[in-house]
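The numbers here are math on the coordinates, done by the rules we state, and not lab data. Bear in mind that the values here come from a model prediction, so they are computed numbers and not experimental data. Glycine gets a Cβ as well: all are built from the backbone with ideal geometry, and neighbour counts include every protein chain shown.
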Amino acid sequence: MALPEETRAELIGGTIVVAPSPSPIHQSAVAELYAELRAPFQRARGGPGGWWLIPDVDVAFGAHDVLRPDISGWRRERVPEFPTARPVRHRPDWICEGLSPATAARDQSEKRSIYQRAGVPWFWQLDPTNRTLSVLRLTAEGYVVESVVGEMEAARLPPFDAMELDIQALFPPAPSNA
């Protein structure tokens with residue numbers, strides 16, 4: 001926590017891990033997902049509301065694990081007031097990690113294990129390279145894949161299944177081969 005706020009770092013198992021800045025395709029996909037969810041689920045514009053959604057915020061999962069998920073979400077019924085402390089000490093009800101070549105292995109291994117141990121019920125993995133979105137649900141045995149959707153699909157994905165998501169709209173246009 002003594003690092004400057006603009007430093008992209010996480011504490012994993014007591015070790016400081018500095019992450020590179022995200023690529024444009026990664027950041028764009030994460031921003032699009034946040035925008036798609038924020039209006040109906042945080043602001044209740046055209047949707048049910050009931051959530052706090054925060055991109056790129058420090059979340060404490062224990063004394064030795066402070067992570068910075070790409071997007072974190074808390075149900076207001078469980079966390080009635082907007083989280084303002086740094087790091088946030090409330091366990092999220094949903095997390096999304098945008099996978100990039102530089103961070104995918106850590107997101108899908110160490111960070112996934114930390115989220116699982118902390119009891120985060122829903123873990124989404126947004127993969128801009130493969131243009132897919134995976135939904136993982138926490139069970140007594142650990143995370144199980146609830147669904148994987150591709151860019152040409154529209155889908156209702158828990159815990160945000162009250163609204164249909166246009167998956168293709170999350171990704172920037174594919175590069176032309178010309």
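Overview of results
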quantity	calculated
Relative contact order computed over segment 9-170 (Cα-Cα under 8 Å; 6+ residues apart), in percent	18 percent
Cα lying deepest toward the dipole's positive end in the chain, options PRO121, GLN168, THR132, charges on Cβ	PRO121
Cut-off 12 Å between beta-carbons: net charge of the residues surrounding GLU151, Lys and Arg +1, Asp and Glu -1	-3
Evaluated at q = 0.10, 0.11, 0.14 Å⁻¹: base-10 log I(q)/I(0), Debye formula over Cα of the chain	-0.37, -0.45, -0.74
Computed helical MRE - 222 nm, the chain, DSSP H runs ≥ 4 contributing -39500 (n - 2.57), nearest 500	-4500 deg cm²/dmol
Net +/- balance of residues flanking GLN125 in space, Cβ distance below 9 Å, scoring K and R +1, D and E -1	-2
Virtual spin-label span in nm between GLN168 and ARG45, 7 Å along Cα→Cβ	2.4 nm
